[in-house]
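Trainee: Handing you a structure now.
All of the numbers you see were taken from the coordinates with simple rules; none came from a lab. Remember, predicted model here, so these are calculated numbers, not experimental data.
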Amino acid sequence: RELLDVEVKAKARRPPWFERHVQPCVAELLGSALFIFTGVLAVLEDAGGAGRLQPALAHGLALGTAVAVLGDI
């Protein structure tokens, strides 16, 4: 007896409301808060002659750390 090769297409699961609307907003809020926090701290802790370099490095290191830690998500 031969089995017929019939593809059964499962209905695509629509993500819940929380995953579609709330999670992206929370992620954006946390990301923005991270960059604002590091930028403000870098400017407040000005090391004399660092000028624009210190906030730029602070934001770059924060971005690099976030990508390294959360890159798999």
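Trainee: May I ask you to compute the full-extension gain from residue 11 to residue 33, defined as 0.36 nm times their residue separation minus their alpha-carbon distance, rounded to one decimal in nm?
Mentor: Fully extending the segment from residue 11 to residue 33 adds 4.1 nm.
Trainee: Label region 18-71 by shape, choosing from rounded, prolate and oblate, from the square roots a ≥ b ≥ c of the eigenvalues of the Cα gyration tensor; if a/c is under 1.5 it is rounded, and otherwise prolate applies when a/b is larger than b/c, oblate when it is not.
Mentor: prolate
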